[in-house]
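*Asks:* Before I ask anything, here is the structure I am working with.
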Amino acid sequence: MKKIKFWLASFALIATVQAAAQAPYSLPKLNYDVKALEPYIDAQTMEIHHDKHHQAYINNLNKALAGTELEKLTIEQLMLNASRRTEVIRNNAGGHYNHTLFWDILAPAAESKPMEDLQKAIDLNFKSMDTLKKMLNQAAMTRFGSGWAWLIVTPEGKLMVTSTANQDNPIMDVSKDRGIPILGIDVWEHAYYLKYQNKRGDFLESIWKVVDWNNVSKRYIEALKDPLLKVIEKNAWKELNEFHMVMSQTFHPIEENNFTPIKERSGEMLAKAIALKNSKIPTSFNTTEIKKAIDELVTGATELHKINTKKVKDEVLKEKMEKLHDKFHEIQGLCSH
């Protein structure tokens, strides 16, 4: 009986190890000992924060993704369209990403200074390092409840200070300010309560003693070259996304010989095309080619709506819709170059 129990336990352990190995995400190791950030961040807080809280985000995320197509996506792809994800995926993907960044921008007794490129950007955007710190502390102090204060690189390549609630971050489409985070300050109570209790301000004053500006500088340089910036810029173009949604909800039914959606919504399609034309085109996409393609999209949507009101044959409607669909994807393609 003892042998049977031993083998059962062994098989269970092997299955657990295999499952962990196959899971998309795992807990990153710290680059320093849990005691290394003392006295600014105590060892007990680090152990609980890293080993328990961060691990829980990873466990919950892996469980939510298991057996779904979302397993194939990167963490950034999961977060980009956070508004379309379940609360579990949104919260735990953000929790994993945010904490991974947080551990990376901390270092023991960090007396580092920003590298030249980042220092110039700080001076240009905030006048001085002291001003930047004050703005980040203010963003962190005024974040009601749990959340984060961020220093981000915007799609225009500028630095910006912002904050988000809970485990959201500026990559996500639910955030007002969009960009790639290069520094994040965790203001969830589990990040500081054991040492600082309710004195968030004291924690924020101390955190600057352990910020690793070398790694923040590296993240800045990497962010400027990251294709994700352009993806975020496109993702944040609200009018393009709204047109895409109507196009998707009307074109795909036609592929199944269902013309009801487009017959009922051709006017909405035209309105969204006009809104797209009148929208502020993001900097990277403000080209002659894209403007011309949008003009042609409006023309096509106008013709589609006009013939729809005349109740033409479905074949004619389908032909016009296919041309409009192709024109929209031409815009999408131009935005991806």
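Throughout, read-outs are computed from the coordinates displayed, never taken from laboratory work. Note that the structure is a prediction, hence the values are computed from the model and not measured. Cβ sites come from the backbone with ideal geometry, for glycine too, and all protein chains shown count toward neighbours.
*Asks:* Whole-Hz ³J(HN,Hα) for each residue in region 136-145, computed from phi via Karplus 6.51 cos²θ - 1.76 cosθ + 1.60 with θ = phi - 60°, x for glycine and proline: what do you get?
*Replies:* After applying 6.51 cos²θ - 1.76 cosθ + 1.60, I find 5, 4, 5, 4, 6, 5, 8, 6, 5, x Hz.
*Asks:* Would you mind checking Lys277/Lys311; Lys277/Lys318; Lys176/Lys218; Lys72/Lys313; Lys63/Lys134; Lys263/Lys291 for any pair whose Cα atoms are more than 31 angstrom apart? Numbers along the way, then the final one.
*Replies:* Values: Lys277/Lys311 27 Å; Lys277/Lys318 24 Å; Lys176/Lys218 25 Å; Lys72/Lys313 42 Å; Lys63/Lys134 39 Å; Lys263/Lys291 27 Å.
Long pairs (Cα-Cα over 31 Å): Lys72/Lys313; Lys63/Lys134.
*Asks:* Something else about it: Report the full-extension gain for the segment Glu76 to Lys310: residue separation times 0.36 nm, less the Cα-Cα distance, to one decimal in nm.
*Replies:* Taking 0.36 nm per residue and subtracting the Cα distance, the gain is 79.7 nm.
*Asks:* Roughly how far apart, in whole Å, are the Cα centres of region 22-61 and region 268-337?
*Replies:* 49
*Asks:* What ranking do Thr288, Thr142, Thr164 get, fewest neighbouring Cβ atoms within 10 angstrom at the top?
*Replies:* Thr288, Thr142, Thr164
*Asks:* Given H placed 1.01 Å from N in the peptide plane, which residues other than close sequence neighbours of Ile182 have an amide H under 5 Å from its amide H?
*Replies:* Leu151, Ile152, Val153
*Asks:* Packing-wise, with mean Cβ within 10 Å as the measure, how do 304-314, 261-271 rank, highest first?
*Replies:* Values: 304-314: 13.8, 261-271: 18.4.
Ranked by mean Cβ neighbours within 10 Å, highest first: 261-271, 304-314.
*Asks:* Quick check on region 237-332: take the gyration tensor over C-alpha atoms, sort the square-rooted eigenvalues as a ≥ b ≥ c, and tell me if it's rounded (a/c under 1.5), prolate or oblate. It would help to have the intermediate numbers written out before the result.
*Replies:* Numbers: a/c = 2.08, a/b = 1.93, b/c = 1.08.
Prolate is the answer for region 237-332, as a/c is 1.5 or above and a/b outweighs b/c.
*Asks:* Sticking with this one: Around Ser146, which amide H atoms from residues at least 5 apart in sequence, or from another chain, sit under 5 Å from its own amide H, with H modelled in the peptide plane?
*Replies:* For Ser146, whose amide H was placed from the backbone, the distant partners under 5 Å are Asn166.
*Asks:* Give me the log10 of I(q) over I(0) for region 19-78 at q = 0.19, 0.22, 0.29 Å⁻¹, as the Debye formula computes it from C-alpha points; what are the numbers?
*Replies:* The Debye formula, applied to the Cα set alone, gives -0.74, -0.87, -1.18.
*Asks:* Please turn the phi angles of region 118-123 into ³J(HN,Hα) values with the Karplus equation 6.51 cos²θ - 1.76 cosθ + 1.60 (θ = phi - 60°), one per residue in order, whole Hz, x for glycine and proline.
*Replies:* Rounded to whole hertz, the list is 5, 4, 4, 5, 5, 4.
*Asks:* Also, quick follow-up: On a 0 to 90 degree scale, rounded to 10, what angle separates helix 288-309 from the longest Cα axis of the chain?
*Replies:* The two axes meet at around 50 degrees.
*Asks:* Hey, fewest Cβ within 10 Å first, where do Tyr97, Tyr40 land in order? Write down the numbers at each step before the final one.
*Replies:* Working: Tyr97 23, Tyr40 18.
Going from least to most buried by this count: Tyr40, Tyr97.
*Asks:* A follow-up question, please. Once you have a ≥ b ≥ c as the square roots of the Cα gyration tensor eigenvalues for region 37-226, tell me rounded if a/c is under 1.5, and otherwise prolate or oblate according to whether a/b is larger than b/c. List each step's numbers first, then the result.
*Replies:* Details: a/c = 1.74, a/b = 1.20, b/c = 1.45.
Since a/c reaches 1.5 but b/c is at least a/b, the shape of region 37-226 is classed as oblate.
*Asks:* Separate question: Helix-derived [θ] at 222 nm for the chain: sum -39500 (n - 2.57) over DSSP H runs of at least 4, divide by residue count, nearest 500?
*Replies:* Numbers: 15 runs with 200 residues, N = 337.
For the chain, the value works out to -19000 deg cm²/dmol.
*Asks:* Still on this structure, please answer the following. Enumerate the calculated ³J(HN,Hα) couplings along region 215-221 in order (Karplus 6.51 cos²θ - 1.76 cosθ + 1.60, θ = phi - 60°), each rounded to whole Hz, writing x wherever the residue is Gly or Pro.
*Replies:* 6, 4, 5, 4, 5, 4, 4
*Asks:* Would you please give the FRET efficiency between Gln332 and Gln138, computed as 1/(1 + (r/R0)^6) with r the Cβ-Cβ distance and R0 = 30 Å, to the nearest 0.05? All intermediate terms of the calculation are to be shown ahead of the outcome.
*Replies:* On the way: r = 39 Å, r/R0 = 1.29.
Between Gln332 and Gln138 the formula returns 0.20.
*Asks:* Still on this structure, I have one more. Could you order the peptides 147-158, 238-249 from most to least packed, using the average number of other C-beta atoms within 10 Å per residue?
*Replies:* Working: 147-158: 21.0, 238-249: 17.2.
Sorting 147-158, 238-249 by mean packing, highest first, produces 147-158, 238-249.
*Asks:* Please list 131-140, 115-124 highest first by mean number of surrounding beta-carbon atoms within 10 Å per residue. Don't skip to the answer; put the middle values down first.
*Replies:* On the way: 131-140: 18.3, 115-124: 14.7.
By packing density, highest mean first, the sequence is 131-140, 115-124.
*Asks:* Same structure again: From Cα pairs below 8 angstrom and at least 6 apart in sequence, can you work out the relative contact order of the chain, rounded to a whole percent?
*Replies:* Contact order relative to length: 14 percent.
*Asks:* Let me ask something else about it. Just to be sure I understand the model, the point goes 7 Å from the Cα along the line to the Cβ. What's the resulting Met245 to Ala271 distance in nm?
*Replies:* With each label placed 7 Å out from Cα toward Cβ, I get 1.3 nm.
*Asks:* Just rank Leu78, Leu317, fewest to most, by other beta-carbon atoms within 10 angstrom. It would help to have the intermediate numbers written out before the result.
*Replies:* Details: Leu78 26, Leu317 19.
Sorted ascending by nearby Cβ count, the order is Leu317, Leu78.
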